[in-house]
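Just so it is clear, none of the values below were taken in a lab; they were calculated from the coordinates. This one's a predicted model, so the numbers in the text were calculated from it and none came from an experiment. Methodologically, a virtual Cβ is constructed for each residue, glycine included, from the backbone with ideal geometry; neighbour enumeration extends over all protein chains shown.
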Ligand SMILES: NC(=O)c1ccc[n+]([C@@H]2O[C@H](COP(=O)([O-])OP(=O)(O)OC[C@H]3O[C@@H](n4cnc5c(N)ncnc54)[C@H](OP(=O)(O)O)[C@@H]3O)[C@@H](O)[C@H]2O)c1
């Protein structure tokens with residue numbers, strides 16, 4: 001996935017703008033990480049798969065400003081704030097952080113099992129909160145103008161079937177993002193969410209496959225007047241929200257849905 | 001707990017880069033805000049088994065006052 005800057009409307013970043021992106025090895029996170037790199041930022045790309053991270057770095061605009069930090073974020077979750085401090089010691093204070101790492105697997109209420117539901121909450125909710133705790137430590141961020149971006153989901157407000165735990169984890173992220181924005185606005189840290197509808201990534205295909213859907217893109221295309229999303233539809237807004245151009249925006253949740261909420265119901 | 005250990009812990013609680021002195025005036029510290037005060041109450045409970053009210057803490061003037069309050 002390579003999102004290069006399509007035009008001058010997108011913000012510029014400086015090399016000293018260090019931005020941590022989790023979930024950078026795939027899908028939406030990969031799209032955001034490569035776009036930020038092409039716009040000038042120094043990117044710390046995290047994901048579990050070293051192989052996928054290597055491939056992304058090979059494709060990105062400025063590989064020397066694209067650092068790989070493979071990690072399973074569920075390992076020693078309690079120590080995530082310290083992990084962030086370690087990255088800061090290595091690469092410098094963080095201008096931004098994108099929390100894109102996440103999982104989804106179909107779980108209707110009838111099939112809800114505590115352990116599986118907790119795993120969804122661990123990676124989708126507690127991991128981003130603990131990373132935010134590390135980021136908001138004033139020794140770890142660049143101060144005024146630093147920004148966090150969480151990936152919520154349209155499912156938080158418009159759940160689809162079999163998403164009971166997933167939808168709850170994303171609603172929790174969106175709500176807590178507002179809380180964090182309130183606590184840290186005086187420090188000049190901005191906190192926002194992007195909540196996409198369905199985007200064609202391994203997460204989407206995996207979810208559909210588990211539901212037994214053999215032609216997922218076809219099945220969902222009727223829901224979205226502008227068609228199913230791609231990571232390239234998400235990355236430009238992410239770059240904007242992390243940039244100083246969005247300096248007066250915090251505590252917001254942007255739903256990117258290909259027209260679902262605006263005109264989808266009558267489409 | 002001796003003064004040096006307290007200073008290190010209190011500095012970490014305030015998420016402050018530069019070391020603190022016992023005579024530093026709380027109100028003059030950039031990091032001393034309501035979130036830092038709440039974190040300090042948690043520190044008192046964790047390290048000194050002392051339950052404090054925000055109001056008591058806010059009445060302190062210097063870092064030393066906080067140390068004495070925690071130890072009292
Ligand atoms: N695609 C959609 O339809 C959609 C819609 C709304 C919201 N979202 C949200 O957008 C975010 C990105 O989703 P996506 O579609 O880009 O999914 P994706 O392509 O499956 O990517 C998920 C990323 O999360 C990482 N990850 C998962 N578990 C991890 C763990 N335990 N430790 C570290 N990293 C872990 C994966 O790393 P590895 O691949 O290296 O294992 C991968 O980089 C998620 O938070 C998702 O909930 C997606």
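Annotations
- Residues of the range A:175-194 satisfying the condition of being closer than 17 Å to residue A:22 by Cβ and buried (at least 21 other Cβ atoms within 10 Å of the Cβ): A:177, A:180, A:191, A:192, A:193, A:194
- Residue check, residue A:189 within 12 Å of the ligand (Cβ to nearest atom), in contact (Cβ under 8 Å) with a residue 40 or more places away in the chain and at negative phi: no
- Of all residues in the range A:148-167, those satisfying the criterion of being surrounded by 20 or more Cβ atoms within 10 Å (Cβ to Cβ) and either assigned to a helix (DSSP H, G or I) or under 13 Å from the mean Cα position of the chain (by Cα) (or both) are A:148, A:149, A:150, A:151, A:152, A:153, A:154, A:155, A:156, A:165, A:166, A:167.
- Filter pass, residue A:59 being in contact with a helix residue (DSSP H, G or I) (Cβ under 8 Å, 6 or more places away or on another chain) and either in contact (Cβ under 8 Å) with a residue 12 or more places away in the chain or over 25 Å from residue A:119 (Cβ atoms) (or both): yes
- Any chance residue A:93 is free of Cβ contacts under 8 Å to residues at least 60 places away in the same chain and more than 15 Å from the ligand (Cβ to nearest atom): no
- For the range A:35-56, filtering for residues that are part of a helix (DSSP H, G or I), farther than 19 Å from residue A:93 by Cβ and touching a residue at least 40 places away in the same chain (Cβ under 8 Å) leaves 2.
- Remark: pairs (first residue in the range A:135-150, within 12 Å of another protein chain (Cβ to nearest Cβ) and on the phi < 0 side of the Ramachandran plot; second residue part of a helix (DSSP H, G or I) and surrounded by fewer than 18 Cβ atoms within 10 Å (Cβ to Cβ); Cβ separation under 6 Å; 6+ apart in sequence or on different chains) = A:140/A:85.
- Among the residues of the range A:168-180, not a single one is in contact with a strand residue (DSSP E or B) (Cβ under 9 Å, 6 or more places away or on another chain) and in a loop (DSSP other than H, G, I, E, B).
- Across the range B:28-72, the number of residues qualifying as surrounded by fewer than 13 Cβ atoms within 10 Å (Cβ to Cβ), away from chain A (no Cβ under 14 Å) and under 22 Å from residue A:139 (Cα atoms) comes to 1.
- Checked against (1) touching a residue at least 60 places away in the same chain (Cβ under 8 Å); (2) within 15 Å of the ligand (Cβ to nearest atom), residue A:17 passes all but a single condition, namely (2).
- Among the residues of the range A:164-186, those that are within 14 Å of chain B (Cβ to nearest Cβ) and either near the ligand (Cβ under 9 Å from one of its atoms) or without any contact (Cβ under 8 Å) to a residue 60 or more places away in the chain (or both) comprise A:179, A:180, A:183, A:184, A:186.
- Within the range B:5-27, the set of residues being within 11 Å of another protein chain (Cβ to nearest Cβ), without any contact (Cβ under 8 Å) to a residue 12 or more places away in the chain and under 17 Å from residue B:44 (Cβ atoms) comprises B:11, B:12.
- For the range A:204-232, the candidate set comprises residues that are more than 11 Å from the ligand (Cβ to nearest atom) and in a helix (DSSP H, G or I); within that set, the residue that is surrounded by the fewest Cβ atoms within 10 Å (Cβ to Cβ) is A:218.
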